[in-house]
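Take a look at the structure below.
The values are calculated or read from the model by the stated rules, or taken from the named source; none is laboratory data. Please read all numbers here as calculations on a predicted model, not as lab measurements. We place every Cβ from the backbone using ideal geometry, glycine too, and count neighbours over all the protein chains shown.
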Amino acid sequence: MATRDLFATEDLSASYSALPAIAGASAVASRKLIGYYTHGGQPLVRSSDPEGYFIPDLDSWGAVGWSQGTALPEATAFEMGKDVMVFRFLRSSDVVPVVRHQSLDGGNIFLFTNLAPSPGDDWGAQGAVHELSDPIGSIARYIVQSSSGIVQSQHIKRQSTTADGLATELRADASVAEITTRIATLSRLTDQELARLFRVARETYQRWRTGELTNPTQANRRRQGLLLRLLQDLDMRGVEVGEWLKNVSDIDNLTPYQLLERGRLDEVESLAAKLPGHPVPRTEVGDDRSPRTQAPGLPVFGGRDREPAEDLVLEDDEGWVEVEAEAIEDDE
Amino acid sequence: MSMEPVDFLPEDLYLARQDAPHIRPARPFSQGDIFADIPLVRAAKQSAKRANQLAAPVKTGPNALGMIVTHPCSSRSRSTHALKESISVAPIVRCPEGFKPPWAGYYEFFPLPGLKGGEDYVANLAEICPVRSEYLDGHRVACLSSAGLAALFHRLAMNASRLERIPDHFAPEAERLSTEMDLWELWVSTYDEEDGFQAWLDEEFSGQPMEDEQGQLVIGSAERTGTSRREALRWNYEEVEAELERLSDPHVPGWHTKEEP
């Protein structure tokens, strides 16, 4: 299934309804209603903070201070498409895919799959998702299957954004905002930390992410591409990227993040290459429709059964002249 | 799980290509470079003319094409960085019939579509032969792009060991090599010799300047971090390139020191 189109950027903020301030809560930016999730009809809100994170409402999800995503912009991140959203709780490593079902009075209903913060916890309306009509239904079933696989097979919350098909590599014409947002999501680094890598002010990185600034130098644009490729590769291999970046390596007792700060990308990539990947390689289909083997961190060797059966005949074999060679029995 | 062979060739295979030599004269010879009219040698065999005499088939002339297949770290002296006396070259022949995109299997052939006269050729990785480096001078007809180098690395790995990696996994090393050669080419264009570049590359990098909200670099904002230019080359290519340009033209602005008004 082509998941990429599902995540085509669409700003739905115009359809949000403003919500009243939360009594007794502090450091919470003004919020707008984005929709409800079906289990209990609890509201979902999106902050009007420039960070633009998608958060659950204060009283419907988690404790004060944790669920106030607006006050903790580094704690949540989301990707939003026309029909599908994925939001991630960076602290707990939960990844939640959501399907948009229908509009409702300026908001939207979102149906959660059964990917729960802990096994057995029911967040959503899996049954309802299955009953949805196509094409949303096919998307939903795909997500449910992917998510179910995660919970059942691994009992871990963390899952690569790419491994479950919920997101793919960014398009070649991705904007600065898309690239820098993806970098932030994958790296789990703060704007301040990321700004140091690109030698810009924190506010500048933040404005790159929000699309307010679109004019990094060519060098920083190129560096964004380099970093994104590294992070995507790590993420695809199931590496806890945020943790790995901040663990001390055996190179000068520096962390990969500190090496990046010093411009030592080669060594960071060398460290990354040593990490084990998935135990089994995955086969994917490339843009040219040809199958590609996504090799894991551990080497995989081609099977003999895939070797061509016949030799090719080299016809351009003219122009060779025999020259007598002196036979030397001893190099000395 | 069923897996299919990995086959890959980028659209922008060549950095530069022309039918007749010599192309990009300032660019130091490197892996993937293709030459014409060089002496290619095949394995010796019993002479047809004389008993107990070996004879080696040799090919020369404009159709004697070959590609360097060894990494510069192996084909150049570690001390002087000059090309070694003998370089490993894969003979290049017309593409055999039946071998076409997506170039599945036959890992002993590296496809070179449109290499000469619009015709497709292949580098025969199964018949690599030694060529003295002096025969390469003035004979280059093509260089591979960074993506082309990654594809060559991939093919070499598959040919030598059947190690499967997606070509993307070779991209960092291909970029590393390409950027170093790009800069070395700039050095040779300036100084008309290869010597001195590698030592300069090992010196300390003067640092990455800050960038303001307008996308402008801030004068005097670069700070040294103890990183060599070589270590920083891929992350800071533009800044290292600017350092090289300043070597020959002091009027090129620097970022590591405050400029006089």
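There is no residue in segment B:207-218 that is under 20 Å from residue B:77 (Cα atoms) and either touching a helix residue (DSSP H, G or I) at 6+ places or on another chain (Cβ under 8 Å) or touching a residue at least 40 places away in the same chain (Cβ under 8 Å) (or both). Of everything in segment B:67-117 that is at pLDDT below 90, within 14 Å of another protein chain (Cβ to nearest Cβ) and over 17 Å from residue A:311 (Cβ atoms), the residue that is surrounded by the most Cβ atoms within 10 Å (Cβ to Cβ) is B:102. Does segment B:166-183 contain at least one residue that is touching a strand residue (DSSP E or B) at 6+ places or on another chain (Cβ under 8 Å), within 14 Å of chain A (Cβ to nearest Cβ) and surrounded by fewer than 21 Cβ atoms within 10 Å (Cβ to Cβ)? For segment B:166-183, residues touching a strand residue (DSSP E or B) at 6+ places or on another chain (Cβ under 8 Å), within 14 Å of chain A (Cβ to nearest Cβ) and surrounded by fewer than 21 Cβ atoms within 10 Å (Cβ to Cβ): present. The sole residue among B:54, B:40 that is touching a Gly at 6+ places or on another chain (Cβ under 9 Å) and hydrophobic (A, V, I, L, M, F, W, C) is B:40. Hey, any hits in segment B:130-139 for a residue that's touching a residue at least 12 places away in the same chain (Cβ under 8 Å), within 14 Å of chain A (Cβ to nearest Cβ) and either in contact with a Cys (Cβ under 8 Å, 6 or more places away or on another chain) or surrounded by fewer than 21 Cβ atoms within 10 Å (Cβ to Cβ) (or both)? Looking for residues that are touching a residue at least 12 places away in the same chain (Cβ under 8 Å), within 14 Å of chain A (Cβ to nearest Cβ) and either in contact with a Cys (Cβ under 8 Å, 6 or more places away or on another chain) or surrounded by fewer than 21 Cβ atoms within 10 Å (Cβ to Cβ) (or both), one finds at least one in segment B:130-139, hence yes. In the set (1) of a type in the set (A, V, I, L, M, F, W, C); (2) in contact (Cβ under 8 Å) with a residue 40 or more places away in the chain; (3) assigned by TED's automatic domain parsing to the domain that holds residue B:58, the condition left unmet by residue B:153 is number (2). Residues in segment A:196-225 that are among the β-branched types (Val, Ile, Thr), part of a loop (DSSP other than H, G, I, E, B) and facing chain B (nearest Cβ under 7 Å): A:200, A:217.
Cβ-Cβ below 6 Å, separation at least six or inter-chain, first residue in segment B:54-71 and on the phi < 0 side of the Ramachandran plot, second of a type in the set (D, E, K, R) and assigned to a loop (DSSP other than H, G, I, E, B): which pairs? Note: pairs meeting the criteria are B:57/B:42; B:62/B:37; B:64/B:37; B:68/B:33. Any residue in segment A:178-190 that is surrounded by fewer than 20 Cβ atoms within 10 Å (Cβ to Cβ), within 13 Å of chain B (Cβ to nearest Cβ) and either free of Cβ contacts under 8 Å to residues at least 40 places away in the same chain or in a helix (DSSP H, G or I) (or both)? Within segment A:178-190 (the criterion being surrounded by fewer than 20 Cβ atoms within 10 Å (Cβ to Cβ), within 13 Å of chain B (Cβ to nearest Cβ) and either free of Cβ contacts under 8 Å to residues at least 40 places away in the same chain or in a helix (DSSP H, G or I) (or both)), the answer is no, since none of the residues qualifies.
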